[in-house]
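Notes to accompany the following structure.
The values are calculated or read from the model by the stated rules, or taken from the named source; none is laboratory data. Source: prediction; values computed, not measured. Counting neighbours? That spans all protein chains shown, and the Cβs are built from the backbone with ideal geometry, glycine included. Remember, those area values only see protein heavy atoms, side chains included, never the ligands or the DNA or RNA. Shrake-Rupley method; radii C 1.70, N 1.55, O 1.52, S 1.80 Å.
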Amino acid sequence: MEAIYEYTWIIPVLPLAGAMILGLGLISFGTAASQLRQLSAVFIVSLLGAAMVLSFGLLWSQIQGHPTFIRTIEWASAGDFSLTMGYTVDHITAMMLVIVTTVAFFVMIYTDGYMAHDPGYVRFYAYLSLFSSSMLGLVISPNLLQVYIFWELVGMCSYLLIGFWYDRKAASEACQKAFVTNRVGDFGLLLGILALYWATGSFEFEVMGERLGDLVSSGALSAGLASLFAILVFLGPVAKSAQVPLHVWLPDAMEGPTPISALIHAATMVAAGVFLIARMYPVFEHVPAAMNVIAWTGAVTAFVGATTAVTQNDIKKGLAYSTMSQLGYMVMAMGVGAYSAGLFHLMTHAYFKAMLFLGSGSVIHGMEAVVGHDPVLAQDMRLMGGLRKYMPTTAITFLLGALAICGIPPFAGFWSKDEILGATFTANPALWAIGWLTAGLTAFYMFRMYFSTFEGSFRGNDTVIQKQLKLAQMQKMGMSLGPGAMNPQELTLEADHDAADHSNHDHGGSPHESPISMTLPLVVLAIPSVLIGLVGTPFANYFEAFIHPPSEIVEGIPSEVDWGEFIPMAGSSVGIGLIGISLAVLMYLTRKIDPAAIAAKIQPLYQLSLNKWYFDEIYDFLFVKGLRRLARQVLEVDLRIVDGVVNLAGFVTLVTGEGLKYLETGRAQFYALIVFGAVLGLVLISGITG
């Protein structure tokens with residue numbers, strides 16, 4: 001088994017090799033490489049499958065008790081300064097490797113059906129493989145500096161994937177928005193890395209934690225400065241894991257193909273922020289102020305995401321805000337010290353949210369048979385309904401995912417979410433109240449989504465609704481002055497262009513179930529969505545025994561249950577979830593309550609949710625328009641002052657030059673006359689003053 005550790009580096013190299021081969025093929029033999037579609041897919045999926053097998057081997061070895069394995073080489077050195085690169089395999093690495101490779105493997109299988117008619121099919125697989133390699137490299141990084149390198153590579157790949165359909169204005173604007181927003185967080189992360197190195201002299205996680213704790217306890221470093229360093233590092237996860245206030249890029253990122261949403265916006269890239277917090281836990285646990293900031297940031301994010309999701313009509317954006325909310329749960333858990341609970345929810349959420357995103361893609365694929373390749377219509381739940389009888393496999397798996405995320409026992413989400421709420425209640429009841437209320441909102445919006453999509457009568461052929469949605473979208477785009485704005489003519493041309501690009505797709509006029517390449521991943525991912533939570537039950541918490549903070553030692557399998565605590569906590573979380581589901585039933589299934597009437601009574605709150613808490617409008621006013629105003633002022637200063645000084649210097653030079661040319665005649669008598677006049681003038685002046 002030791003040999004598998006020696007060759008762990010192959011895991012990220014396999015998908016990297018696949019991306020390089022496809023990329024070079026597209027660059028050198030573009031037309032021929034683009035035609036080898038199925039062969040390219042099989043090649044990439046096979047390489048990732050091999051990486052997945054190796055990852056499972058490492059996980060099994062770690063479960064059997066193999067010690068942490070670290071392999072490093074000196075990358076650069078100068079005097080006492082040296083940088084090392086390499087890889088490490090411990091419990092959290094093994095877990096993350098399995099999560100990333102399994103989700104990526106099934107997403108790539110799914111991609112064959114979803115992108116079957118896209119001309120960029122091979123390029124998409126190359127991007128997916130490059131992203132997978134970057135994420136796997138981040139997971140095995142042994143120090144913070146190497147994490148940062150792969151962190152940026154992951155961000156670059158997300159930029160490529162979100163803007164994959166770059167000829168769509170909305171997609172190109174979305175990838176730019178994601179890039180700029182993440183630059184803010186990554187700049188804070190870089191400052192934090194440099195500050196921690198200045199304070200501790202190391203990039204190693206454990207060493208940084210120990211030295212920072214010693215510095216703070218001895219008074220050599222103030223607690224305030226240590227908190228600042230930790231919070232700067234936390235800015236990286238705030239952006240990457242879509243935490244308030246740097247969350248605004250995630251909903252717009254849904255402009256990318258749906259497999260991207262399932263891979264990077266559910267299970268991998270957005271979870272990288274939570275993974276980094278876990279890696280940096282030896283540092284954060286010594287800084288209570290930073291832990292409080294982390295906990296409250298997560299709680300606010302969970303609530304804001306859930307309250308926004310309840311009014312979204314785009315099925316993918318609803319899931320995007322759901323992802324943001326669930327990431328908030330994980331971050332909150334980390335902040336209150338529930339290390340294993342946060343990572344447990346990361347694992348369970350990765351599987352059921354990936355399945356939900358893939359399910360939404362299956363729905364969109366089916367709707368395109370009715371409304372064509374128009375994202376405005378194909379993704380709007382107001383045009384869906386009754387899809388369960390057309391798409392039974394998609395409907396059943398989506399329902400299982402909804403039950404899992406709502407925390408209904410015995411599904412996976414119940415065990416991880418209940419553990420977070422229990423730990424949060426012990427640490428801070430106010431945070432628990434926010435998490436508990438968010439659990440109810442989660443149940444409501446998820447079943448609102450399920451009922452609107454799969455139950456009732458099918459509304460996709462209603463031309464009146466279609467025209468209303470198109471008109472509303474055109475008006476919204478035309479009035480928008482922020483990033484991604486377009487006029488109605490652009491929107492219409494874009495829809496026509498998409499239809500032309502996919503004209504070879506057969507539209508049968510009614511929804512249909514997706515092909516086996518898309519439904520098979522849904523069925524397979526449904527299994528961990530239902531069962532994987534059983535590894536972390538309080539009756540036999542195998543997960544906590546396996547994943548625990550580096551500073552703690554867990555002996556045996558935790559199995560002691562405080563029924564006086566478990567029953568009220570579990571009962572309250574399930575109860576609020578059932579209340580949310582019941583409200584969704586009354587509003588969107590039986591129609592006994594009119595949602596429009598409720599929205600009219602609470603119009604300010606409804607508008608707040610519908611407009612996503614006005615974050616985009618605020619940022620547009622403060623940063624976009626504000627920077628434009630600042631740029632105009634700078635331009636005025638440049639034109640009137642900087643250019644004025646330069647032009648004045650040129651004018652003075654010109655005038656003096658013109659004057660001097662009459663004095664520089666080349667005649668010695670004239671120069672003598674000038675000297676005589678100057679001397680005479682000086683004598684007269686000295687005589688007058690004397």
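So here's what we get for this one:
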item	result
Over 32 Å (Cα to Cα) - which of Lys240/Lys389; Lys317/Lys601; Lys240/Lys592 fall in this group	Lys240/Lys389; Lys240/Lys592
Environment charge of Thr31, counting only residues whose C-beta is closer than 15 Å and scoring Lys/Arg +1, Asp/Glu -1	+2
Accessible area per residue, Å², the stretch 609-657 with all protein chains present, probe 1.4 Å	78
Degrees separating the helix 121-139 axis from the principal Cα axis of the chain, which is the longest one	90
Accessible surface ranking that places the most exposed of Thr653, Thr311 first, with a 1.4 angstrom probe	Thr653, Thr311
Cα-projected label distance for Ile63 with Met156, points at 7 Å along beta-carbon direction, nm	3.6
Karplus 3J(HN,Hα) series, Hz, for the stretch 632-649 with 6.51 cos²θ - 1.76 cosθ + 1.60 (x for Gly, Pro)	5, 5, 4, 4, 4, 4, 5, 6, 8, 9, 4, 5, x, 5, 5, 5, 5, 4
Under DSSP loop assignment and at most 14 Cβ neighbours within 10 Å, longest trypsin sites (Lys or Arg not before Pro)-free interval of the chain	1-590
Percent accessible area from carbon and sulfur atoms, the stretch 514-610, protein chains only, probe 1.4 Å	69
In the stretch 100-148, the chymotrypsin sites (Phe, Trp or Tyr not before Pro) that fall in loop regions by DSSP, at most 11 other Cβ within 10 Å	none
Karplus (6.51, -1.76, 1.60) ³J(HN,Hα), θ = phi - 60°, over the stretch 384-389, in Hz, Gly and Pro reported as x	9, x, x, 6, 4, 6
Dipole-positive endmost among Gln473, Gly273, Met85 within the chain (Cβ charges, Cα centre)	Gln473
Centroid-to-centroid separation of the stretch 8-42 and the stretch 70-108 [C-alpha atoms, Å]	23
Nearest-ten-degree value, helix 429-454 long axis tilted from longest Cα axis of the chain	70
Exposure of Asp314 as accessible area (Å², to 10), given a probe of 1.4 Å and all protein chains	40
Ala223 versus Thr656: modelled label distance in nm, points set 7 Å from Cα along the beta carbon direction	6.3
Total formal charge among the other residues, if their Cβ is under 15 angstrom from that of Phe179, Lys/Arg +1 and Asp/Glu -1	-2
Ranking by accessible area, most exposed first, for Val42, Val13 with a 1.4 Å probe	Val42, Val13
Efficiency of FRET from Cβ geometry, Ile527 and Ser46, R₀ 25 Å, rounded to 0.05	0.65
Charge context of Val216, other residues only, Cβ under 14 angstrom, K/R +1, D/E -1	-2
Sequence of Trp75, Trp415, Trp151 when ordered by accessible area, the most exposed leading, probe 1.4 angstrom	Trp75, Trp415, Trp151
Solvent accessible area, Å² - Cys157, 1.4 Å probe, full protein context	0
Förster-model FRET efficiency, 56 Å R0, Asp562 and Ala32, C-beta, rounded to 0.05	0.30
C-alpha long axis of helix 563-584 to longest principal axis of the chain, angle in °	80
Carbon + sulfur, % of accessible area of the stretch 8-163 - ligands and nucleic acids excluded, 1.4 Å	71
Calculated [θ] (222 nm, deg cm²/dmol) that DSSP helices of n ≥ 4 give over the chain, each run adding -39,500 (n - 2.57)	-23500 deg cm²/dmol
Relative contact order (%) - criterion: Cα under 8 Å, at least six apart; region: the chain	12
Accessible surface of Glu204 - all protein chains present, 1.4 Å probe, nearest 10 Å²	60
Separation between Cα centres of the stretch 514-556 and the stretch 151-215, rounded to whole Å	28
Whole-angstrom gap from the stretch 239-271 to the stretch 646-661, using each part's C-alpha centre	60
